[in-house]
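Heads up: the structure comes next, in C-alpha cells.
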Amino acid sequence: MKKISSVVVCVCMLLGLLLSGCGYQYADLDLRGEYTRDLEGTTLTVYNWGEYISDGSEDSMDINREFEKLTGIEVNYLTFESNETMYSQLKNGGVNYDIVVPSDYMIERMVKEDMLAELDMSKITNYDLIDSQYKNIFFDPDNKYSVPYSVGMVGIIYNSAQVGEIDHSWKVLWDEKYKDMTLNFNNPRDAFMTAQMILGQDVNTTNEADWEEAAELLKQGKANLQGYVMDEIYSKMETGEASIAPYYAGDYLTMLENNADLKFFYPEEGTNIFMDSVCVLKNAENYEAALMYINFLLEPDIATANAEYIGYASPNTAVINNEDYYYYQNPILYPAEDEMPEVQYFHDIDSETRKKYEMLWNDIKLY
C-alpha cells in the first residue's frame, strides 16, 4: 500500500508541476500506523494555537495537507491565542470543533466539566512513542483524554543590540530604564505568573491575599509596559519595536530566525513549565477521524517536521532521540539537569479563586 501510494503521489506531483507550475510537494512518508480512506469526504475541525503546526511555509511540511492526501478527510483548521480564548469559544458555541489542543490546567478543567471524550487508545497505535515522563500527568493521570503535543517553559526574550545584557530576573519587566520597551502576556495566568515568581508565591495559590498582592505588583508595572500581547509579540520583537518580553521558549527560537539580535534566558526566580496536548471534544462530530489525526501527528516523520517548525520541545521519543533532528539536545528546549530552572505547572483552580483572579485581571487591564 505504501509503495502504491508513493507512485501515485509522484505521478500527481509531476502532473501538478506540468499543469500549474511549482507548488507544495508532498512528502514521501514512512508510516508506522494504518490509515484508511473510509472517511473520505468528511471534515475534521481542529482548533489549535496560532503558529503551532508545520504548515508548508518556508519549505516546511504541510501536515494538514499530508493528512488530507492520505485519508481524503478535509481538515478545517482554526486557531486561538490563549487557553481562555479557546475555552470561551467552546462555551459560547457557534462552531463545532472535533480536536482542541489545550494546556495542562485547562485540560484539567475541561475534564472536570465533562467537555472531553475518552480516547480509544487502541486506535492511537503510535502512543508508545510518547516518553514515559509525559504520561500519567496530574491533569490526565490515567491517559484517558489527552495525547502530549509539545512541552515548554516560559522565559524572557530580549534584544541585545538595543538593551545589551540584562539581569536574568522577572524584575526587568518593572525596571524603569526599559520603560515603553517591555511587553507582558495578555492572559491572566501567564501575566500573574511573572509577578508571582518575583513574590515567591505558589502559582496555584488559593489565598486571595496572594492574588491581590500579585495584582498590585502588576498594576505598579503597567506604566512601564509598551503593552500586553500574545501573537503580536512576533512582529514587535522581530522588528525591534519592543525590546524585552516574556514568552514561550519555542517561540523564541522561531523569532531568532528573523532577528539574530534576540537572546533568551529563564529567570532566576523560576518559571512556568507547560504541556499542551491533543484532545477530542465530547461533542465531536468526527470522532474516528480525530483519532486517526492524532495517530498521524505522532508519526516519526510528522512529529519531527512539526517539532522543527514550531520550535518547542517534543514529548515524542522518535524526535528526541533523532540525531538529525534540528533541535537535537538544544539547551533551551532540553536543558541539562544542572541548568534546569525551578518550575511550576499551572493547575486548575477552584471556581472562587478563578473568579477572584479574573476580576483582578480585569481591574489591571482597566487601571
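Below, the figures for the structure above:
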item	result
Residue list for region 270-303, restricted to those being under 20 Å from Y105 (Cβ atoms) and among the acidic types (D, E)	D276
Residue tally, condition of a type in the set (S, T, N, Q) and touching a Ser or Thr at 6+ places or on another chain (Cβ under 7 Å), over region 83-124	2
Test: residue in region 302-312 that is modelled with pLDDT of 95 or more, over 20 Å from the mean Cα position of the chain (by Cα) and surrounded by fewer than 23 Cβ atoms within 10 Å (Cβ to Cβ)	no
Single condition Y367 does not satisfy, out of (1) buried (at least 19 other Cβ atoms within 10 Å of the Cβ); (2) at pLDDT below 95	(1)
Every residue from region 313-336 that is surrounded by fewer than 22 Cβ atoms within 10 Å (Cβ to Cβ), farther than 19 Å from F264 by Cα and among the polar types (S, T, N, Q)	T317, N321, N322
Hits in region 180-194 (condition: within 24 Å of T85 (Cα to Cα) and either part of a helix (DSSP H, G or I) or modelled with pLDDT of 95 or more (or both))	T182, L183, N184, F185, N186, P188, R189, D190, A191, F192, M193, T194
Region 311-367: number of residues that are assigned to a helix (DSSP H, G or I) and among the small types (G, A, S)	2
Test: residue in region 288-309 that is free of Cβ contacts under 8 Å to residues at least 60 places away in the same chain, in the same structural domain as N187 (by TED's automatic domain parsing) and closer than 29 Å to A336 by Cβ	no
Sole residue being assigned by TED's automatic domain parsing to the domain that holds L281, among the acidic types (D, E) and at pLDDT 95 or above, chosen from E108, E84	E108
Residue count for region 79-113, restricted to those that are in a loop (DSSP other than H, G, I, E, B) and without any contact (Cβ under 8 Å) to a residue 60 or more places away in the chain	4
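Quick grid of which residues meet (1) touching a helix residue (DSSP H, G or I) at 6+ places or on another chain (Cβ under 9 Å); (2) in a helix (DSSP H, G or I):
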| site | (1), (2) |
| --- | --- |
| Y127 | yes, yes |
| F138 | yes, no |
| V154 | yes, no |
| E165 | no, no |
| K171 | yes, yes |
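The values are calculated or read from the model by the stated rules, or taken from the named source; none is laboratory data. The structure displayed is predicted, hence computed values, not measured ones. With ideal geometry, Cβ positions are generated from the backbone for all residues, glycine too; neighbour counts draw on all protein chains shown.
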